[in-house]
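Here's the structure we're looking at; comments come further down.
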Amino acid sequence: LGAVLLHLRDPFGAIMQVASRTTDAIVVTDLEPPRPWNDTEMRFNPVEGDHSSWWVITPGAMRRMLSNVGFTEHTVTRHVQWHRPGHVLDAEPVEMPMYTVVARRP
């Protein structure tokens, strides 16, 4: 799931659906929240006038959701990706801090 869950009204429901369709691993990449945050926090965060993002999900909250559906072995990697603000192709790209959680069933 590549930076998708923050756009869904029910990200945990989506994780439950994915978990019901795989037996080995789930890979989730999302935006790294600005610090300081409680690492197990998830915040409802729609921006007025922009209804494309609903949530800010920390890596710890993501690990908890994945554990809840049976994927309890986690590896978290932090990285930076290039992003064009507003998805405007001729906009100057900026660095976007992200994380990836690879979760496996034991």
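A few remarks follow.
- Mean Cα-pair separation over length for the chain, i.e. relative contact order, pairs under 8 Å, 6 or more apart, %: 30
- Carbon/sulfur fraction of accessible area - the chain, other protein chains in place, 1.4 Å, %: 55
- Here the translational diffusion coefficient of the chain follows from Stokes-Einstein with Rh set to the Kirkwood radius across Cα pairs; for 37 °C and 0.692 mPa s it amounts to 227 µm²/s.
- For Gln81, residues with placed amide H under 5 Å, excluding near neighbours: Met96, Met98
- In the calculated pair-distance distribution of the range 1-62, the portion above 18 angstrom amounts to 36 percent of the Cα-Cα pairs.
- 1.4 Å probe accessible area per residue over the chain, in Å²: 63
- Classification of the range 52-91 by its C-alpha gyration tensor yields a prolate form. The axis ratio a/c (a ≥ b ≥ c) is 1.5 or more, and a/b outweighs b/c.
- Extension gain for Glu32 to Gln17 (0.36 nm times residue separation, less C-alpha to C-alpha distance): 3.1 nm.
- Judged by the mean number of other Cβ atoms found within 10 Å, the most tightly packed of the peptides 20-30, 89-99 leads the ranking 20-30, 89-99.
- Modelled spin-label separation between Thr72 and Arg43, with each label point placed 7 Å from Cα along the Cα-to-Cβ direction: 3.1 nm.
- Taking each residue as 0.36 nm, the span from Val88 to Ala25 lengthens on full extension beyond its C-alpha to C-alpha distance by 19.4 nm.
The values are calculated or read from the model by the stated rules, or taken from the named source; none is laboratory data. This is a predicted model, so every value here is computed, not measured. Backbone-built Cβ (ideal geometry, glycine too); neighbour counts: all protein chains shown. Areas reflect the complete protein model, heavy atoms only, side chains present, ligands, DNA and RNA absent. Shrake-Rupley method; radii C 1.70, N 1.55, O 1.52, S 1.80 Å.
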